[in-house]
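**Q** Supplied in C-alpha cells, the structure appears directly below.
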Amino acid sequence: MKNKICKNNEAECSAFLKCLKVWNDDYNIRKEKWMDSIGDDLNVIMKKEEDNYVGMIQYVPIEYSFAEGKNMYFIQCIWVNGYDEAFGSKQRKGYGTELLNKAIEDVMDKGADAIVAWTFKNDDWLPASWYERQGFELIDTELCYELLWRPFKDVEPPRLIRRRAFPEYKKPTVSLFVNGWCQSCNKLHDIALGIAKEYGDKIDIIEYDTSDREVFTKYGIMDGIFVNDKEIIFVGNPIDDDMRAAINDLLVK
C-alpha cells in the first residue's frame, strides 16, 4: 500500500484498517483502495496501551472532505475503543483529547490555518459539545451534519458542501454512493448492495465511487444510499427494513 502508515508498521496498519477491532479479521477492502488513492496526504495517529492499539485519529487536507476551505485539515474520525471484546473499552481515559491535541500540534507544524471536524446532529458519536470543550466552534450545519472548526489565524471559515444533484433513475433503482474512507459506511454499503441484489432484474443498481472527486463534486454526496430519490438514513439505524420497504413500495406501484 502507498500510505506511510502501512509502509512502516504492519500491526498498526492492520489495527487502523479494522478500526481497532483487532479480534475481527473481516474488514472492507474499499478502505485500502481509498488509502492508495490518497497516499501520504492521509494522516493517522494511533494510541497504544501496553500491546494494544486502543485509539486512533485520521485527518486529511480539507480538499479530500465534504467541506470546503483553504489551507485547513479535516478530522474524519476520532475513535477510542468502546467495545467489551478483547482488551475492553478504553473510553473516558482522556485518550481522545490526547489524540486530538497531537493532531492539532501536527497540523500547526504543517502551517495550516485551521483544523476542522464534523459530527452528526443528535448522535452520541463525538457530539459537538465534546469538540466545543476542546475549543472548537460550531460553524455550519446541513442535513444531519454539523461542522466545527478551531482556527489558528483570522481566515474565512469552512462550510459544508451542499447537495448538488440526486442520482438518476429510469426504473426502480438503488444508488450507492461510497467514498471508502469510513469502514462503517463501507460495510453498510455492502449490506445495502446485498439487499438490492435480492431483487434481481426487477431493479437497477448503480454504484458511485466518490473517491473520484469529479463524481463527488457533481452530486455533493460522499456516502449515501438511495432508492430512487428516497435516501435511506443510516445514522444510528439498521437499514434493512427501511430499504426493503422503499423498494417494495416502488415495485407495487
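The values are calculated or read from the model by the stated rules, or taken from the named source; none is laboratory data. In this text the structure is predicted, and so the values were computed from the model without any measurement. All Cβ positions, glycine included, derive from the backbone under ideal geometry; neighbour counts span all protein chains shown.
**Q** Among the listed residues ILE38, ILE29, identify the single one that is closer than 16 Å to SER184 by Cβ, surrounded by fewer than 20 Cβ atoms within 10 Å (Cβ to Cβ) and assigned by TED's automatic domain parsing to the domain that holds ARG150. Full working, then the answer.
**A** Values: ILE38 fails: closer than 16 Å to SER184 by Cβ.
Of the residues listed, the single one that is closer than 16 Å to SER184 by Cβ, surrounded by fewer than 20 Cβ atoms within 10 Å (Cβ to Cβ) and assigned by TED's automatic domain parsing to the domain that holds ARG150 is ILE29.
**Q** Can you run down the residue pairs with Cβ atoms below 7 Å, 6 or more apart or on separate chains, where the first is in the range 212-229 and without any contact (Cβ under 8 Å) to a residue 40 or more places away in the chain and not assigned by TED's automatic domain parsing to the domain that holds PHE66 and the partner is surrounded by fewer than 22 Cβ atoms within 10 Å (Cβ to Cβ) and assigned to a helix (DSSP H, G or I)?
**A** From the range 212-229, no pairs qualify.
**Q** Being charged (D, E, K, R) and either closer than 19 Å to ALA128 by Cβ or at pLDDT 90 or above (or both): is that true of GLU85 here? Walk me through it before giving the result.
**A** Values: charged (D, E, K, R): yes; either closer than 19 Å to ALA128 by Cβ or at pLDDT 90 or above (or both): no.
No, not satisfied.
**Q** Ok, one more. Find the residue count for the range 157-181, including only residues that are among the hydrophobic types (A, V, I, L, M, F, W, C), in contact with a helix residue (DSSP H, G or I) (Cβ under 9 Å, 6 or more places away or on another chain) and under 19 Å from LEU143 (Cα atoms). Working first, answer last.
**A** Let us first name the residues in the range 157-181 that are among the hydrophobic types (A, V, I, L, M, F, W, C), namely 160-161, 165-166, 174, 176-178, 181.
Next, from what is left, pick out any that are in contact with a helix residue (DSSP H, G or I) (Cβ under 9 Å, 6 or more places away or on another chain): 161, 165-166, 174, 176-178, 181.
Adding the requirement that they be under 19 Å from LEU143 (Cα atoms) leaves 161, 165-166, 176-178.
Here the count works out to 6.
**Q** Here is a follow-up. Taking the range 49-68 only, how many residues are under 24 Å from LYS21 (Cα atoms), outside any strand (DSSP E or B) and at pLDDT 95 or above? Steps first, please.
**A** Residues of the range 49-68 that are under 24 Å from LYS21 (Cα atoms), as a first pass: 49-60.
Now restrict to residues that are outside any strand (DSSP E or B): 50-51.
Those still in the list that are at pLDDT 95 or above too: none.
Total meeting the criteria: 0.
**Q** Only one of ASP154, ASP201, ASP209 is out of contact with any helix residue (DSSP H, G or I) (no Cβ under 8 Å at 6 or more places or on another chain), surrounded by fewer than 19 Cβ atoms within 10 Å (Cβ to Cβ) and closer than 30 Å to TYR73 by Cα; which?
**A** Numbers: ASP201 fails: closer than 30 Å to TYR73 by Cα; ASP209 fails: out of contact with any helix residue (DSSP H, G or I) (no Cβ under 8 Å at 6 or more places or on another chain).
One residue alone meets the criteria, ASP154.
**Q** Does LYS153 fit the bill of being in contact with a strand residue (DSSP E or B) (Cβ under 6 Å, 6 or more places away or on another chain) and basic (Lys, Arg)? Steps first, please.
**A** On the way: in contact with a strand residue (DSSP E or B) (Cβ under 6 Å, 6 or more places away or on another chain): no; basic (Lys, Arg): yes.
Judged against the criteria, LYS153 is not a match.
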